[in-house]
Amino acid sequence: MNKQLINIPKSLLCNCIDECFANKPAEDGYKLWLRYAPLPLETIDALKPRIRGLMSGAMSQTLSIACTELERGLSSMLLDEFACVSTTVPFDGAILFGTAKDHPLIAEQRLLLEPLGKEGYLIKSVEIDDASVTLIVGNDDMGVLYGCFAFLRMVQSGMDISQLHLASVPKLDLRMLNHWDNLDGSVERGYAGSSIWDWWTLPDYQDPRYADYARANASIGINGTVLNNVNASPMILNGDYLKKAAKLADIFRPFGIKVFLAVNFATPCVLDGLETADPMDALVRQWWKDKVAEIYKLIPDFGGFLVKANSEGQPGPGDYDRSHADGANMIAEALAPHDGILIWRAFVYASDPGTDRATEAYDEFKPLDGAFLPNIMLQVKNGPIDFQPREPFSPIFGQITETPVVLEFQVTKEYLGQATHLVYLGKAFEEVLRFDTYADGEGSTVARIIQGEIFPQRFTGMAAVSNIGNGRDWTGGIFNQANWYAFGRLAWNPELNSEDIAREWVRLTFCSDEAFVEPVVEMMMSSHETLVDYMTPFGLHHQMATGHHYGPGPWIDDLKRPEWNPSYYNQADEAGIGFDRTDRGSGAIRQYAPELWGLFGDKHGFDEKYLLWFHHVAWDFKMKSGKSLWDSLVIRYDTGISNVEVMQSTWQELKGYVDCRRFAQIEAYLAIQLREAKWWRDACIAYFMEVSGLPLPEGHEKPGHTLDYYKSLNHPFAPGNPE
Ligand code: GCW
């Protein structure tokens, strides 16, 4: 056996091992941003006087997780052995962590703790009895655990920790992942392997990965998870599955993560043979109450339900001529005695052909504002359509004022190149969060709306469709980890700066060498715009091929419902291109605050990034650059491609900073991205040339193939599209 191994040609093993990577063992990405790589010796020397030992008091389950994390992280980064010691005698270089009830020295700091509220933490350098001590404290165990993770981040980044004073309190109550995982193990829009939940072997076998998952989430402040797809199988509420969910809840609990389930509105009929799921039916109402009581017996701190109703074929109250509020209130009433929350999705469309899809969620829910029970939250996608590479914010933010609104992002990149394209979503999320809704005058940003700063909200929250699967690197690519990370950090504090988050992630995930960090951060920060350029420039949207949404299909116009067709969204014809949402068109801009009508309604005034979202524009329309729209479009597509080339060469120059395995994956993915960017550019340009009859501007290459060739491509096994 050994002999055989020795005979394997070296080139098949890892051709770079002997070269620049000899000092960097291959990594598969499993450790995410929690690698705790040994720090350079000078940094260790500088940190050591402030980190001599770990000091604690009584330990709950959560605090022993904090202790293990500190021991593990510090031992590995500082190349020394650290162990928590229970003592009340302060010593120089002690890290003292816990809550007031665990330790008398922390109890003495009561005043410092007050502003930390729930889940908040304070990391502070103090002198106690002539000893320099670093406090990591909170009012509750989770605050302490979050503080420990934050402290470890600082150490890993090589920060000066001698004069620390950092207090941080989460700005949103609910910071939650939504898994679109099916009970058969497939993941809708999942590009990272199968579901990490092995429903079949649960509850008897608990894959150690479940705890690793909870730990990773806790490290960035995520405190809720919806285990299953919003296109929900009624089976999730079957007794056996509830026991499986309960086991996961047991594992996640000490990490501060509450379990939620997505439920199918017709479950009473499918699971227990009720004749109707009508929310006004007494038997149906009782069924939900009984089911909820059964769940709380198994999971006493169960979070609640997430519901997608009357959307894309899912059942809902509309099937019985009842409103969304009728349906939601029935389920919320069942959850209320247990302090459960009902999260109802606003993602609905399917009214008359001829209605602009972008207006439907607002039209449906605005009249219901105020009609929902107090334990209901409305979960709203960031834009009015559907997680497109770029969308303006959904008009629901700021216009629905009496119902708590949760912002839903998509971390899995369904419409953004899926697993392989390098796109840092932190930047895109920030763009949404900073959008001014003018709901209550200037400064009513989406970030402030969801924090309840403009209109008070009983609960606040942010959710993201997860990109996690059972692949070793969790997210189907190293750079996709940054999007999970950025979501967690922004859900903790929606005002954070996406560039700072990127820098933090790079330091933790790779290394802190500035010569590496800065070019990578630059690459990440420009990556979203790059993708928009080669996929859907100037506000184009939903140009993806049918079903799997992989690759371009701007010509598609024969699907059953008009709003399923990319041609519906581009409206390209001989005269021009773009969707008119002004008063001449669908009038969608009127759903926003009046301050925005003029801005969105003016072709010349607003940011050209959104031009074709709001306007149908002549091909020869003069852009701010003085060039025609057509020429500008072609230029944008080409810019997108050249920027992918820039990313490729940047990455090549960074060889040697990263172990060979992760380096090679990113290198290969960038090559795929370049090939697909060209495909997007060529296919879209070929189609728009045919529709407009216009020639390419001088100096720009013809598409590599005919339009028929691009139309003929099909991808039957593209992932993430389980039928
Ligand atoms: O973007 C669309 C996806 C569907 C998804 C839906 C939703 C879970 O293509 O796969 O269904 O959004 O958000 O409900």
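The values are calculated or read from the model by the stated rules, or taken from the named source; none is laboratory data. Being a predicted model, the structure only gives us computed values, none of them experimental. With ideal geometry, Cβ positions are generated from the backbone for all residues, glycine too; neighbour counts draw on all protein chains shown. Protein only, heavy atoms only, side chains kept; ligands, DNA and RNA dropped before computing areas. Shrake-Rupley method; radii C 1.70, N 1.55, O 1.52, S 1.80 Å.
Within segment 222-258, being in a loop (DSSP other than H, G, I, E, B) and either buried (at least 24 other Cβ atoms within 10 Å of the Cβ) or within 16 Å of the ligand (Cβ to nearest atom) (or both) holds for I222, N223, L227, N228, N229, V230, N231, A232, S233, I257. Starting from residues that are part of a loop (DSSP other than H, G, I, E, B) and within 14 Å of the ligand (Cβ to nearest atom), keep the ones in segment 332-357 and report whichever is surrounded by the fewest Cβ atoms within 10 Å (Cβ to Cβ). Going through the qualifying residues, I end up with A350.
Residue by residue, here is whether (1) in contact (Cβ under 8 Å) with a residue 24 or more places away in the chain; (2) assigned to a helix (DSSP H, G or I); (3) open to solvent by 10 Å² or more (accessible area, probe 1.4 Å) holds:
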position	(1), (2), (3)
K603	no, no, yes
W613	yes, yes, no
G626	no, no, yes
Y637	yes, yes, no
I641	yes, yes, yes
Q648	yes, yes, yes
K655	yes, no, yes
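For segment 315-329, the count of residues that are within 26 Å of the chain's Cα centre (by Cα) and among the basic types (K, R) is zero.
Among residues of segment 284-302 that are touching a residue at least 12 places away in the same chain (Cβ under 8 Å) and more than 17 Å from G273 (Cβ to Cβ), those with a Cβ under 7 angstrom from a residue that is crowded, with 16+ Cβ neighbours inside 10 Å and among the β-branched types (V, I, T), sequence gap 6+ or separate chain, pair up as I299/V259; F302/V259; F302/I295. For E360, are the conditions met, namely being assigned to a loop (DSSP other than H, G, I, E, B) and either within 16 Å of the ligand (Cβ to nearest atom) or closer than 27 Å to N467 by Cβ (or both)? In short, no. Which members of segment 208-221 meet the condition of being of a type in the set (D, E, K, R) and open to solvent by less than 30 Å² (accessible area, probe 1.4 Å)? Selection gives R209, R215. Filtered by the rule that a residue be in contact (Cβ under 8 Å) with a residue 24 or more places away in the chain and under 30 Å from G452 (Cβ atoms), segment 497-526 gives N497, S498, E499, I501, A502, E504, W505, M525.
Filter segment 516-569 down to the residues that are charged (D, E, K, R) and within 15 Å of the ligand (Cβ to nearest atom), then identify the one that is surrounded by the fewest Cβ atoms within 10 Å (Cβ to Cβ). Write out each step before concluding.
Filtering segment 516-569 down to residues charged (D, E, K, R) leaves 518, 522, 529, 533, 557-558, 560-561, 563.
Those left that are additionally within 15 Å of the ligand (Cβ to nearest atom): 561, 563.
On the way: R561: 11, E563: 20.
Top of the filtered list is R561.
Beta carbons closer than 6 Å, at least 6 apart along the sequence or on distinct chains, pair a first residue in segment 381-395 that is in contact (Cβ under 8 Å) with a residue 12 or more places away in the chain with a second that is among the polar types (S, T, N, Q) and more than 9 Å from the ligand (Cβ to nearest atom) for G383/S394; P384/S394; P389/T536; P395/Q591. Considered as a group, the residues in segment 303-327 that are on the phi > 0 side of the Ramachandran plot and more than 16 Å from the ligand (Cβ to nearest atom) include one that is least open to solvent (accessible area, probe 1.4 Å), and that residue is G304.
Among residues of segment 140-159 that are modelled with pLDDT under 95, those with a beta-carbon under 6 Å from a residue that is open to solvent by 20 Å² or more (accessible area, probe 1.4 Å) at least six positions away or on a different chain give the pairs S157/R507; S157/S512; G158/T43; G158/S512. The number of residues in segment 185-221 being assigned to a loop (DSSP other than H, G, I, E, B) and not hydroxyl-bearing (S, T, Y) comes to 19. For segment 160-200, the set of residues classified as among the charged types (D, E, K, R) and either modelled with pLDDT of 95 or more or within 16 Å of the ligand (Cβ to nearest atom) (or both) consists of K171, D173, R175, D181, D184, E188, R189, D198, listed by residue number.
If you go through segment 496-510 one residue at a time, do you hit one that is outside any helix (DSSP H, G or I), touching a Lys or Arg at 6+ places or on another chain (Cβ under 7 Å) and modelled with pLDDT of 95 or more?
Within segment 496-510, the subset outside any helix (DSSP H, G or I) is 496-497, 510.
Imposing the further condition that a residue be touching a Lys or Arg at 6+ places or on another chain (Cβ under 7 Å) reduces the set to 496.
Filter once more, keeping what is modelled with pLDDT of 95 or more: 496.
Yes - at least one qualifying residue is present in segment 496-510.
Sort through D92, D80, D102 and tell me the only one that's in a loop (DSSP other than H, G, I, E, B) and under 14 Å from I128 (Cβ atoms).
Working: D80 fails: under 14 Å from I128 (Cβ atoms); D102 fails: under 14 Å from I128 (Cβ atoms).
Exactly one residue qualifies, and that residue is D92.
Collect the residues in segment 514-544 that are hydroxyl-bearing (S, T, Y), assigned to a helix (DSSP H, G or I) and out of contact with any helix residue (DSSP H, G or I) (no Cβ under 6 Å at 6 or more places or on another chain), keeping them in residue-number order. The answer is S526, S527.
Kindly indicate whether I376 is open to solvent by less than 10 Å² (accessible area, probe 1.4 Å), out of contact with any Cys (no Cβ under 9 Å at 6 or more places or on another chain) and within 16 Å of the ligand (Cβ to nearest atom). No, not satisfied. L713 meets all of the listed conditions (1) buried (at least 17 other Cβ atoms within 10 Å of the Cβ); (2) modelled with pLDDT of 95 or more; (3) over 27 Å from the mean Cα position of the chain (by Cα) but one, namely (1).
On the given criteria, is F459 touching a Leu at 6+ places or on another chain (Cβ under 8 Å), of a type in the set (A, V, I, L, M, F, W, C), touching a residue at least 40 places away in the same chain (Cβ under 8 Å) and within 16 Å of the ligand (Cβ to nearest atom)? When the stated conditions are applied, F459 does not pass them.
Quick check: is even one residue across segment 473-486 open to solvent by 10 Å² or more (accessible area, probe 1.4 Å), assigned to a helix (DSSP H, G or I) and in contact with a strand residue (DSSP E or B) (Cβ under 7 Å, 6 or more places away or on another chain)? The answer is no, given that none of the residues of segment 473-486 is open to solvent by 10 Å² or more (accessible area, probe 1.4 Å), assigned to a helix (DSSP H, G or I) and in contact with a strand residue (DSSP E or B) (Cβ under 7 Å, 6 or more places away or on another chain). Hey, any hits in segment 538-554 for a residue that's in contact with an Asp or Glu (Cβ under 7 Å, 6 or more places away or on another chain) and under 30 Å from L39 (Cα atoms)? No, there is no match, as no residue in segment 538-554 is in contact with an Asp or Glu (Cβ under 7 Å, 6 or more places away or on another chain) and under 30 Å from L39 (Cα atoms). Only a single criterion out of (1) of a type outside the set (S, T, Y); (2) under 37 Å from the mean Cα position of the chain (by Cα); (3) outside any helix (DSSP H, G or I) is not satisfied by E114, namely (3).
If you go through segment 260-274 and pick out every residue that is in contact with a helix residue (DSSP H, G or I) (Cβ under 7 Å, 6 or more places away or on another chain) and open to solvent by 10 Å² or more (accessible area, probe 1.4 Å), you end up with 6. So is E294 away from the ligand (no atom under 16 Å from the Cβ), of a type in the set (D, E), in contact with a Gly (Cβ under 9 Å, 6 or more places away or on another chain) and at pLDDT 95 or above or not? Yes. Among the residues making up segment 203-221, those that are touching a residue at least 60 places away in the same chain (Cβ under 8 Å) and either polar (S, T, N, Q) or within 16 Å of the ligand (Cβ to nearest atom) (or both) are N217, S219. In a residue-by-residue description of segment 404-415, the property of being open to solvent by 10 Å² or more (accessible area, probe 1.4 Å) and more than 13 Å from the ligand (Cβ to nearest atom) applies to no position.
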